[in-house]
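A.B. asks: Sharing a structure here in structure tokens format.
Please treat every number below as a calculation from the coordinates, not as lab data. Just so it is clear, the structure is predicted and the values come from calculations on it, not from any experiment.
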Amino acid sequence: MSYTPVIIRAANDDDLPLLHDLAALDSAPPLAGPVLVAFVDGRPWAAYGLEDDRVIADPFHPSAEASGLLRLRARQLRAAQERTRPRRAWLRRPAGRFSAS
């Protein structure tokens, strides 16, 4: 049994033509904002818009697994962002100490 590696990375400005072509293949509007792209053999098979939670994929390749990996990676990134987000000051205040104003 052989496996084909899938590379997932953030899209950059150089990827815009690839993403527009991928959207056209999928008959979907292009993704906007931050995008993750799944590459197989150097070609984009699927892309995921982090802002609108939408996937576009190449219908001529079995891209369901690549789409699933993109969704998984997006969840991981969101969870990491939640862990590093600073907590609000009122959550750190000791109990019983309220301002009199």
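A.B. asks: Can you list the HN-Hα couplings for segment 66-83, worked out from phi with the Karplus curve (6.51, -1.76, 1.60; θ = phi - 60°), rounded to whole Hz and with x for Gly and Pro?
C.D. replies: Along segment 66-83, the couplings run 5, 5, x, 5, 5, 5, 4, 5, 4, 4, 4, 5, 5, 5, 5, 5, 5, 5 Hz.
A.B. asks: Sticking with this one: What does the convex hull of the Cα atoms of segment 6-88 come to per residue, in Å³, rounded to a whole number?
C.D. replies: Numbers: hull volume 7.8 nm³, N = 83.
Hull volume over Cα atoms, normalised by residue count, gives 94 Å³.
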